[in-house]
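Some notes on the structure that comes next.
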Amino acid sequence: MQIPFDNTYAKLPPQMFTAQLPTPVKAPQMIATNADLAKLLGIDPALLETPNAAQVFAGNHIPDGASPLAQVYAGHQFGNWNPQLGDGRAVLLGEVVGTDGIRRDIQLKGSGPTPYSRRGDGRAWLGPVMREYLVSEAMHALGVPTTRALAAVTTGERVYREQVLPGAVITRVAQSHIRVGTFQYFASRGDLAALQALTDHVIARHYPTAKGPIDLLDQVIARYAALIAKWMGLGFIHGVMNTDNVSIAGETIDYGPCAFMDDFHPDSVFSAIDQYGRYAYANQPGIGAWNMAQFATALIPLMNDREAAITDFTAAVHQMPAIYEAEWLKVFGAKLGIADPIAEDHALITDLLDLMAEDGADFTNTFATLASPQARDQFINRDAFDAWAARWQQRRSDDAAQIMAQTNPQIIPRNHLIEAVITAGLDGNDAPFHALLAAVTAPYAPLSAATAPYARAPSKSEQVTQTFCGT
């Protein structure tokens, strides 16, 4: 398979990674490929259909020009410092410059052990691969910056967790896989040469207008605040906002215990490992600011006047709540069909969210039906909703219906739908996966007889209340 690699990370100081080949698998079989993404990467989509494609995407065959490696990083995990993490089950094949001029990584996830596997087997099983493929492609279709899925294969081998499960590998594409934790790794070791090289690389690759660390911090904060606002506007809960899961490029990365809410409750937590709700829906903006504080701390060693830098960087981090608030207002203003929301609209938005929380209204369907009489059906206290709607009518833009249709999805990858797809996949049936993929990658399309079932909120017995890391 011809992939137009143009690698730069592999040319950075060697302490940033370990050269690492994927571990070959027994009998790879294709689950899905992404022709549109292949075109964007400059890869002939016809090559995805060749017998050799499964060998490439399983890691059995390394394409010419690849420089396989595993990246090292550190991170705060649920607030606790871990001085060394890294790609424990992923191998970066290399980078390509797409037809849009943007450089992207191509990474195999689930491709076997690396020096950073921490006694793990480096493998993934089918469920998390299907989940990440569906959710990452849905997020892209929803307009959220995200890693994407180029391909998924089964391996013909079994992996051992609480039970024996079929193995799989996903090919993940990102603007880069550099994380806040990558900066933390070198800062914590006092490796200023590597930290400077990493900073220069990130500025050149992602933030070419940044003139140094403080500009870099400001621009990363702006992207991260906008990203979290988009999550909030979709009822999305990342589930594991550790600093090693924070992309420096401002993309959503690492879809382990993620979830989209059904009934709206601000304190919703789905991740089975988040026992104290650190990463609950309502906590995501605050955790985002905390993560940026860790990024700022990692950059300070590069500054000649560190005392002045602490003052400047602290001020930058303290600006994040205001930046986030402005982004949140834009997101939710559009969801209400308000073209140019103002500060006073904050109360209108939060009053609706309060009503939704009180009545357990379905997050997605409330907004999807808001311009229709069916919106009242989401509420128990319909008089309260009617009173709110009368206020809302005074603020709707003339083109509200068009704005809302482009902002409020009809379909999201709901937890119970994903679990049904995984169950079918474990029985060897990939058809439900492909049907759901088609539905979630056209989230704003009018519902049809075929897609309407995917928009239905789950019954209480169907609701999935816990999600698990993709190990």
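Consider residue 345 carefully, then state whether it is over 25 Å from the mean Cα position of the chain (by Cα), acidic (Asp, Glu) and open to solvent by 30 Å² or more (accessible area, probe 1.4 Å). So residue 345 does not fit the description; no. If you go through region 390-439 and keep only what is in contact with a Leu (Cβ under 9 Å, 6 or more places away or on another chain), farther than 30 Å from residue 129 by Cα and part of a helix (DSSP H, G or I), you end up with 391, 392, 400, 403, 404.
Here is a check on your reading of the model: is residue 112 in contact with a Pro (Cβ under 7 Å, 6 or more places away or on another chain), in contact (Cβ under 8 Å) with a residue 24 or more places away in the chain, open to solvent by less than 50 Å² (accessible area, probe 1.4 Å) and closer than 19 Å to residue 55 by Cβ? The answer is yes for residue 112. Of all the criteria given as (1) farther than 26 Å from residue 206 by Cα; (2) touching a strand residue (DSSP E or B) at 6+ places or on another chain (Cβ under 6 Å); (3) assigned to a loop (DSSP other than H, G, I, E, B), the one not satisfied by residue 23 is (2).
Would you confirm, using the coordinates I've provided, whether residue 293 is crowded, with 23+ Cβ neighbours inside 10 Å, at pLDDT 95 or above and within 22 Å of residue 179 (Cβ to Cβ)?
No, not satisfied.
Considering region 60-99 alone, what residues qualify as being assigned to a loop (DSSP other than H, G, I, E, B) and more than 21 Å from the chain's Cα centre (by Cα)? Answer for region 60-99, where residues must be assigned to a loop (DSSP other than H, G, I, E, B) and more than 21 Å from the chain's Cα centre (by Cα): 60, 61, 62, 63, 64, 65, 66, 67, 68, 83, 84, 99.
For the residues 41, 48, the requirement of being open to solvent by less than 30 Å² (accessible area, probe 1.4 Å), touching a residue at least 60 places away in the same chain (Cβ under 8 Å), over 23 Å from residue 177 (Cα atoms) and in contact with a strand residue (DSSP E or B) (Cβ under 7 Å, 6 or more places away or on another chain) singles out 48.
Among the criteria (1) hydrophobic (A, V, I, L, M, F, W, C); (2) open to solvent by less than 10 Å² (accessible area, probe 1.4 Å); (3) in contact (Cβ under 8 Å) with a residue 60 or more places away in the chain; (4) under 23 Å from residue 245 (Cβ atoms), the one residue 187 does not fulfil is (2). In region 259-276, what residues are in a loop (DSSP other than H, G, I, E, B), at pLDDT below 95 and open to solvent by less than 20 Å² (accessible area, probe 1.4 Å)? Within region 259-276, 274 is the sole residue that qualifies. Only one residue in 293, 282 is part of a helix (DSSP H, G or I) and under 30 Å from residue 193 (Cα atoms). Which one? Residue meeting the stated conditions: 293. Examine region 301-317 for a residue that is within 22 Å of the chain's Cα centre (by Cα) and open to solvent by 70 Å² or more (accessible area, probe 1.4 Å), and state whether such a residue exists. The answer is no, given that none of the residues of region 301-317 is within 22 Å of the chain's Cα centre (by Cα) and open to solvent by 70 Å² or more (accessible area, probe 1.4 Å). Within region 320-342, identify whether any single residue is loosely packed, with under 14 Cβ neighbours inside 10 Å, free of Cβ contacts under 8 Å to residues at least 24 places away in the same chain and not small (Gly, Ala, Ser), and answer yes or no. Looking through region 320-342, at least one residue is loosely packed, with under 14 Cβ neighbours inside 10 Å, free of Cβ contacts under 8 Å to residues at least 24 places away in the same chain and not small (Gly, Ala, Ser). With respect to (1) part of a loop (DSSP other than H, G, I, E, B); (2) surrounded by 13 or more Cβ atoms within 10 Å (Cβ to Cβ), the lone exception for residue 450 is condition (2). Exactly one residue among 105, 36 is among the acidic types (Asp, Glu), open to solvent by 50 Å² or more (accessible area, probe 1.4 Å) and closer than 15 Å to residue 150 by Cβ, and that residue is 36.
The single residue among 394, 402, 378 that is touching a Ser or Thr at 6+ places or on another chain (Cβ under 6 Å) and either modelled with pLDDT under 95 or not charged (D, E, K, R) (or both) turns out to be 378.
Matching residues to (1) farther than 18 Å from residue 92 by Cβ; (2) not hydrophobic (A, V, I, L, M, F, W, C):
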residue: 2; (1), (2): yes, yes
residue: 6; (1), (2): no, yes
residue: 12; (1), (2): no, no
residue: 16; (1), (2): no, no
residue: 20; (1), (2): no, yes
residue: 31; (1), (2): yes, no
residue: 45; (1), (2): yes, yes
residue: 54; (1), (2): yes, no
residue: 58; (1), (2): no, no
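The values are calculated or read from the model by the stated rules, or taken from the named source; none is laboratory data. These numbers were taken from a predicted model, which means no experiment stands behind them. Virtual Cβ from ideal backbone geometry, glycine too; neighbours counted across all protein chains shown. Areas reflect the complete protein model, heavy atoms only, side chains present, ligands, DNA and RNA absent. Shrake-Rupley method; radii C 1.70, N 1.55, O 1.52, S 1.80 Å.
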